[in-house]
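One structure is given below, encoded as structure tokens.
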Amino acid sequence: MLFETVSAGGCRSYVIGCEETCAAALIDPELGQIDRYLALTAKHGLRIRYLIDTHTHADHFSATQQLARQLGVPVVMHSASPAPFVDLRLQGGELLVIGRLRLQALHTPGHTRDSMCLWVEDRVFTGDTLLIGGTGRTDLPSGDAGALYESLFEGVLRLDPSLKVFPAHEYKGRSHSTIGQELAENPRLQKGDRGAFVEMMQSLNLTMPTHVTEALRTNMTGGKTVAQMLSEAAATVPFMSLRELKTCLESRTIDLIVLDVRERDAFEEGHIPGARLLPRGQLELRVNEELTDPTRRILVCCEFGRVSTLATATLRQMGFRGAVALDGGMKAWREAGYAVKAGKEQ
């Protein structure tokens with residue numbers, strides 16, 4: 001078996017492949033690591049056959065949907081997953097055939113309703129059900145401390161003690177553990193009584209993961225992250241540097257509309273001299289009366305450069321092919337010491 005671990009912060013993803021057939025599966029891929037996964041599989045001459053999430057992630061953005069579109073392979077999750085883009089839904093005990101490898105699904109609800117572990121040869125990929133020295137939390141949507149107890153003590157922990165444990169998260173740099181080590185050393189597994197375990201899990205008082213709402217929204221529905229939308233918009237628009245804009249304004253030889261898409265109070269607090277105000281939320285409604293010549297060159301700016309990127313992409317879709325976005329936004333413009341004018345439009 002060919003095997004690679006990809007670490008990104010505390011997140012862990014795994015590539016497993018069959019040496020004989022070059023078939024592979026990618027487990028718990030993270031959106032920001034797509035190029036690394038593709039490089040690793042190319043390095044080993046592998047072809048990804050399955051993209052697998054062990055559960056609906058709440059602390060990072062899954063790459064399964066984007067990779068599925070890119071590679072034309074199925075997304076695999078447990079049958080309890082709410083995600084509409086899942087192609088293959090497994091029940092506990094069912095197998096995925098990956099060349100000569102057999103990857104068996106174990107339904108292990110508790111961290112989430114759709115959590116599953118994956119067992120192949122000498123190792124088990126435990127998702128967020130069992131961590132090294134810990135367990136998954138149960139205070140997120142569909143979490144259930146009682147179900148996690150049963151998944152652990154009546155399921156995963158009854159597997160061969162020598163099986164290697166590879167979780168979806170690891171924050172101390174440890175590569176893996178074993179079932180036996182976790183039974184002996186994991187503090188959360190020392191409470192063998194169901195009631196005591198449930199009480200412990202319900203009293204952990206953990207902080208919420210960053211971007212939890214966005215992560216759950218995108219991972220459960222297949223919707224796009226804000227970062228994805230910005231990346232896609234940025235790929236379709238050109239940008240103008242702060243220095244180039246300053247030169248254009250000073251030369252007065254270039255017919256350029258500077259369009260500020262912030263809200264009025266931010267605009268009146270300070271804007272680029274000569275800029276027009278057209279808030280992003282009103283762009284589609286007022287564009288025909290405010291921008292009557294679609295051939296004009298339009299420089300779009302906002303506070304940080306993100307909203308203006310989306311607005312510029314919208315303008316170009318509407319036919320304003322001369323629309324460009326300011327690289328850096330008003331914050332960078334002010335920090336560069338360039339002229340700012342307060343008050344209403346002139």
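Think of each Lys and Arg Cβ as +1 and each Asp and Glu Cβ as -1; about the Cα centre, that makes the dipole of the chain roughly 760 debye. Based on protein heavy atoms only, the range 1-81 ends up with 36 Å² per residue of surface accessible to a 1.4 Å probe. Of the solvent-accessible surface of the chain, computed with a 1.4 Å probe and all protein chains present, 49% belongs to carbon and sulfur.
Per DSSP helix of 4 or more residues, -39500 (n - 2.57); summed, then divided by the residues of the chain. What does that give at 222 nm, rounded to the nearest 500? Don't jump to the answer; show the numbers that get you there.
Values: 12 runs with 105 residues, N = 346.
For the chain, the value works out to -8500 deg cm²/dmol.
So how far, in whole Å, is the C-alpha centre of the range 21-84 from the one of the range 146-160? If we compute the Cα centre of each part, the gap is 26 Å.
A simple rule links phi to the HN-Hα coupling: the Karplus curve 6.51 cos²θ - 1.76 cosθ + 1.60 with θ = phi - 60°, which for the range 85-98 gives 8, 5, 8, 10, 10, 9, 9, x, x, 7, 10, 10, 9, 10 Hz, with x for Gly and Pro.
The lysine pair count for the chain, using Cα distances under 25 Å and pairs eight or more places apart or on different chains, is 9. Backbone amide hydrogens, once placed in the peptide plane, bring A323 within less than 5 Å of I298, excluding anything fewer than 5 places away on its chain. Comparing H55, G180, F85 along the charge dipole axis of the chain, the residue lying farthest to the positive side is F85, per the Cβ-charge model. K344 exposes around 130 Å² of accessible area when a 1.4 Å probe is run over every protein chain in place. Ranked from largest to smallest solvent-accessible area, with a 1.4 Å probe on the protein heavy atoms, D255, D28, D59 come out as D255, D59, D28.
Measuring between their Cα centroids, the range 85-126 and the range 301-346 lie 48 Å from each other. Within the assembled protein chains, the solvent-accessible surface assigned to E154 is about 110 Å², based on a 1.4 Å probe. DSSP assigns beta bridges within the chain; of those with both partners inside it, close to 55 percent run antiparallel.
The values are calculated or read from the model by the stated rules, or taken from the named source; none is laboratory data. Note that this is a predicted model, so its numbers are computed, not measured. Cβ: placed from backbone, ideal geometry, glycine included. Neighbour counts: every protein chain shown. Ligands, DNA and RNA are stripped out before the accessible areas are found, and what is left, the full protein with its side chains, is counted by its heavy atoms. Shrake-Rupley method; radii C 1.70, N 1.55, O 1.52, S 1.80 Å.
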